[in-house]
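Participant: Starting off with a structure, shown below.
The values are calculated or read from the model by the stated rules, or taken from the named source; none is laboratory data. Being a predicted model, the structure only gives us computed values, none of them experimental. Using ideal geometry, Cβ is built from the backbone for each residue, glycine included, and neighbour counts are taken over all protein chains shown. Remember, those area values only see protein heavy atoms, side chains included, never the ligands or the DNA or RNA. Shrake-Rupley method; radii C 1.70, N 1.55, O 1.52, S 1.80 Å.
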Amino acid sequence: MWFFSSPQIVFGEGALSYLAQIQGKRAVIITDEQMQKLGFVDLVKEQLAQANVETRVFDQVEPEPCLDTVRRGALMLCDYEPDWIIGLGGGSPMDAAKAMWALYERPDLPPDGINPLEYLGLGKKAKLVTVSTTSGTGSEVTWFTVLSDLNEKRKLGLGSRETLATIAIVDPMFAMKMPPRLTADTGLDALTHAIEGYAGTWHNDFADAVCLKAIELIFRFLPLAYRNGDDAEAREKMHNAAALAGLGFGNSMAALAHAMGHSLGAVFHVPHGRAVSLFLPYTMEFNANAGNYRYADIAKFIGLDGLGEQQLTWQLIAAVRDLAIELDSKTDLMSLGIARDDLNKSMEHLLVNAENDNQIVPSSRQPDRAELRKLFEYAYEGKHIDF
Ligand SMILES: [Zn+2]
């Protein structure tokens with residue numbers, strides 16, 4: 001038995017105005033300071049005012065939100081008792097909003113009680129709306145929540161199908177303001193979701209469909225959105241692609257590049273999209289060396305040439321590398337400015353983090369510890385994976 005979970009998705013130009021139609025008394029916008037500065041919080045407030053919904057704002061979500069922030073937000077929710085929670089921003093505010101929602105409805109839960117095996121009974125006090133302002137994480141349509149455990153220097157991958165937003169608003173207006181570097185990092189994150197979602201062992205017909213469409217859109221429109229942020233069509237297509245990729249990996253999981261990227265991010269504070277997409281071609285090679293040729297389907301779908309599955313697979317991996325280079329992204333860990341000594345010192349920590357990351361589970365090839373170490377080392381030097 002399988003599920004395909006999705007919020008109700010409101011997308012395209014003017015999608016935000018949906019908020020003017022909601023029924024309720026009070027809403028809390030969970031966001032970060034940047035969203036205030038960009039004026040995005042005011043835009044949301046205006047719509048809620050039209051719906052006669054009173055609003056408060058929690059704008060203290062930091063990048064890679066920590067458990068403490070989630071607890072503080074949940075306390076505010078318990079105090080104000082909203083019937084709507086609006087997660088506004090990139091992945092961090094939306095993830096934080098999901099976790100705060102869960103703790104608001106279930107104050108008895110420890111944060112790590114938000115897991116797929118626990119029945120939470122959410123939705124009795126409030127509904128969750130996610131409003132994505134970047135085109136990458138897909139958090140608006142997934143039930144995953146990634147939080148930081150600062151004491152343990154690790155990322156906590158939490159989530160329950162119940163923390164899926166009730167409504168996701170995918171309005172391309174928000175994406176227009178992303179600077180080029182953020183456009184590239186988040187867009188490559190979406191590409192990683194879609195490729196891992198398609199090639200991992202939990203792939204399924206429903207997720208495959210949205211992953212393929214997302215990959216096609218990203219190869220076509222990400223370079224355009226990167227080069228010219230004012231290209232409204234490219235921005236809209238990328239905003240949709242990120243949500244499609246989110247639906248894909250939200251229902252088939254990501255894989256090894258995410259496990260390694262989470263691990264690296266927790267130790268060296270590399271932004272999520274930059275970290276996971278850096279590892280993507282290395283892990284694709286690692287999988288392809290063991291005969292995972294699902295990549296060939298993707299290559300065919302986006303119109304790459306090649307004779308047979310093997311050649312098509314290597315064409316796709318080359319295309320992923322070329323795309324990263326076209327977006328001026330770093331393709332090895334050394335270029336990220338990580339010193340060799342620091343890598344060596346942190347290696348044990350990196351390995352343990354990656355091995356314990358739940359995204360490693362659907363990887364089509366499970367690395368043993370020696371292979372995982374070599375993957376990090378090869379990615380450090382930019383060497384092709386030949387094992
Ligand atoms: Zn990701």
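Participant: Helix 232-252 versus the longest principal axis of the chain: what is the Cα-based angle in degrees, 0 to 90, to the nearest 10?
Facilitator: Roughly 80 degrees, rounded to the nearest 10.
Participant: Express the relative contact order of the chain as a whole percentage, based on alpha carbon pairs under 8 Å and six or more residues apart in sequence.
Facilitator: 15
Participant: Another one. If one computes the Cα centroid of segment 87-136 and of segment 296-314, what distance in Å separates the two points?
Facilitator: A separation of 39 Å, based on Cα centres.
Participant: Based on the Kirkwood radius over alpha-carbon pairs, what is the Stokes-Einstein translational diffusion coefficient of segment 276-387 at 37 °C with 0.692 mPa s viscosity, in µm²/s?
Facilitator: 220
Participant: Taking the Cβ of ARG369 as the centre, find all other residues whose Cβ is under 15 Å away and add up their charges (Lys, Arg: +1; Asp, Glu: -1). Walk me through the intermediate numbers first.
Facilitator: On the way: positive: ARG365, ARG373, LYS374; negative: GLU348, GLU355, ASP357, ASP368, GLU371, GLU377.
Summing Lys and Arg as +1 and Asp and Glu as -1 gives -3.
Participant: Given a 1.4 Å probe and the protein chains all in place, what does the accessible area of LEU75 round to, in Å² to the nearest 10?
Facilitator: About 120 Å², rounded to the nearest 10.
Participant: Given a 1.4 Å probe and the protein chains all in place, what does the accessible area of GLU62 round to, in Å² to the nearest 10?
Facilitator: Here the residue's solvent-accessible area equals roughly 50 Å².
Participant: Could you rank CYS211, CYS78 by how accessible they are, 1.4 Å probe, largest area first?
Facilitator: CYS78, CYS211
Participant: By a straight-distance test (C-alpha under 16 Å), which lysines pair with LYS237 as possible cross-link partners, with residues fewer than eight away in the same chain excluded?
Facilitator: LYS177, LYS213
Participant: So what's the back-of-envelope 222 nm ellipticity for the chain, counting only DSSP H runs of four-plus at -39500 (n - 2.57) apiece and dividing by all residues, rounded to 500?
Facilitator: My calculation for the chain gives -16500 deg cm²/dmol from helical runs alone.
Participant: For a quick check of understanding: with a 1.4 angstrom probe and all protein chains in place, what accessible area in square angstrom does LYS300 have, to the nearest ten?
Facilitator: 120
Participant: Same structure, new question: Which lysines, if any, have their Cα less than 17 Å from the Cα of LYS98, not counting same-chain residues under 8 positions apart?
Facilitator: The qualifying lysines are LYS124, LYS125, LYS127, LYS155.
Participant: What does the convex hull of the Cα atoms come to per residue for segment 101-182, in Å³?
Facilitator: Details: hull volume 9.2 nm³, N = 82.
Looking at segment 101-182, the number lands at 112 Å³ per residue.
Participant: Out of all DSSP beta bridges in the chain, what portion is antiparallel? Express it as a percent rounded to 5. Could you put the intermediate results ahead of the total?
Facilitator: On the way: 6 of 29 bridges.
Expressed as a percentage, antiparallel bridges in the chain total about 20.
Participant: Now, a different point. Of all DSSP beta bridges in segment 8-176, what percent run antiparallel (nearest 5)?
Facilitator: Values: 6 of 29 bridges.
Here the share of antiparallel DSSP bridges comes out near 20 percent.
Participant: At what distance in angstrom do the alpha carbon centres of segment 150-224 and segment 1-63 lie from each other?
Facilitator: Between the Cα centres of segment 150-224 and segment 1-63 lies a distance of 19 Å.
Participant: So, one more: Please pull out the direction-averaged projected area of the chain, using the convex hull of its alpha-carbon atoms, in nm² to one decimal place.
Facilitator: Answer in nm², one decimal: 17.6.
Participant: From the P(r) of segment 1-62, could you give the percentage of C-alpha pairs in the tail past 14 Å?
Facilitator: Value for segment 1-62: 63 percent of Cα pairs lie more than 14 Å apart.
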